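Just so you know, all these numbers are worked out from the coordinates, no wet-lab data involved. For clarity, every value in this text was computed on a predicted model and none was experimentally measured. Virtual Cβ from ideal backbone geometry, glycine too; neighbours counted across all protein chains shown.
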Amino acid sequence: MENKKSKPTECPQAKKCGGCQLQNMSYDRQLSYKQSLVVKLFAKYCHVDDIVGMDKPYNYRNKVSAAFGTTRSGMIISGIYQSSTHNIVKTDSCMIEDKAADEITVTVRKLLRDFKLTAYNERTERGFLRHVLIRRGFATGEIMVVLVTSTPIFPGKNGFIKKLLTLHPEITTIVQNVNNKFTSMVLGENQKTLYGNGYIEDVLCGKRFRISPQSFYQINPVQTEKLYSKAISLASLTGRETVIDAYCGIGTIGITASEHAKRVIGTEINKDAVHDAVINAKINKIGNIVFYAKDAGEFMEEAAENGESADVVFTDPPRAGCSVKFLKSLVKLSPEKIVYISCNIETQARDVYFLTKNGYKVNSCSPFDMFPHTRHVECIVLMSKHN
């Protein structure tokens, strides 16, 4: 087991990168700091459980994204954007990223030079490779490599792919994603599979999940299993409930909860994720769950207007939190319990305040360290209707 009280590991890029804001703290101090952040926001409602940390808080990210660029001297570099900028900090390895993913990224960088391909320049909007996105199933070992290019034309494609697979036979699929827009988004709308199935699978909470390039999947599977187990436990499902999984992604929470509920409804605006969710339900032979490709707020609004009901609502929104439309519809739908999972405790606290002013009380608050060495905290808040 990792000694949480040991001195912090030195990262050579810490000052330049800024991604690991708490890297200078020992891990036990990081946990204490994050606990205090949650207590400050939620202790006025209920007791805050002790934060759940990691035994080995390194190399936990199963999703790695590297930006590519060129220095003034003409050298191709890859790495992480410096905090709050688009300046690339050249990085060969990162203490929180999957080691295999980092090694593949370095290989791609070398192959660009060997095949006389260029890196994209945001200022001139010229060049070939913009990003490399790699996802690895920690349970299955499957690896997806997404080459994000500025054009669908890929000179020397067959030779490039063959060489990459020779050097890294552990890769199970390679996808070319085309992003030709001036945007901060990594992935574009169009893509094609160059090798393999175009997706990977992983196992979480005893269920198997398909993951496509565009789909959301928690980046720390070790902590995610603890997080989801706690969330479902807090819901106290008996097998008779109708459950809504809002912002459901590829269906991880809903599918995991399905064996404890009578019926589960998942809603998600990302059509690629919903496509994966439907397949994931079939893979796991789940017959009591349905998915809708619809904005969570709109779905809840329609459900409330149509007089439908739900006993429990799980909601795991983006960092911006729940929309006002969603929150008002949630209150109108009036589930007995709300299990609110969030990676942004500030927006979570804002939404919880709204719900406490509209008929709900806070029963429990459980923080999890999903992102060691960063200032982010994941938190589950259980709410129920006032009697």
- extent check for segment 79-143: Cα max minus min per principal axis, descending, whole Å, gives 41, 32, 16
- Tilt, helix 345-356 to longest principal axis of the chain (alpha-carbon atoms), in degrees rounded to tens, equals 20 degrees
- Taking the alpha carbon gyration tensor of segment 282-359, what are the square roots of 5 times its eigenvalues, largest first, to the nearest whole Å? 22, 16, 12
- Item | Simple spin-label estimate for E298 and T124 in nanometres, 7 Å along Cα-Cβ | 4.2 nm
- Task: Kindly work out what percent of the DSSP beta bridges joining two residues of the chain are antiparallel, to the nearest 5.
- Result: 60 percent
- Once label points are set 7 Å from the Cα along Cα→Cβ at both L165 and Q21, what is their separation, rounded to one decimal in nm? 4.3 nm
- Message: Per q in 0.06, 0.14 Å⁻¹, report the Debye log10 I(q)/I(0) for the chain, using one uniform scatterer on each alpha carbon and no solvent.
- Response: -0.25, -1.27
- A convex hull over the alpha carbons of segment 329-384 yields, per residue, a volume in Å³ of 67 Å³
- May I ask you to derive the FRET efficiency for N190 and Q82 from their Cβ-Cβ distance with R0 = 30 Å, giving the value to the nearest 0.05? 0.55
- Task: For segment 242-310, just the Cα atoms, rotate onto the principal axes and tell me the three extents in Å, largest first.
- Result: 33, 26, 14
- How big is segment 63-200 in terms of Cα radius of gyration and Dmax, in angstroms? 13.9, 42
- Mind checking which of R109, R61, R72 has the largest fluctuation in a GNM of the chain, springs on alpha carbons under 10 Å? R72
- Calculate how steeply helix 157-167 sits against the longest principal axis of the alpha-carbon atoms of the chain, using the helix alpha-carbon long axis, and give the answer as 0 to 90 degrees to the nearest 10. 80 degrees
- Message: What number does segment 138-242 give for Rg over Rh if you use C-alpha atoms and the Kirkwood radius?
- Response: 1.10
- Item | In degrees, nearest ten, helix 324-333 long axis to first principal axis of the chain (Cα) | 40 degrees
- Message: I'd like the per residue volume of the convex hull spanned by the Cα atoms of segment 213-359, given in cubic angstrom.
- Response: 106 Å³
- Item | Rounded Å value of the spacing that divides the Cα centres of segment 299-373 and segment 12-57 | 23 Å
- Message: Whole percent per 10 Å bin, from 0 to the bin with the longest distance: what is P(r) over all C-alpha pairs of segment 16-82?
- Response: 15, 32, 27, 16, 8, 2
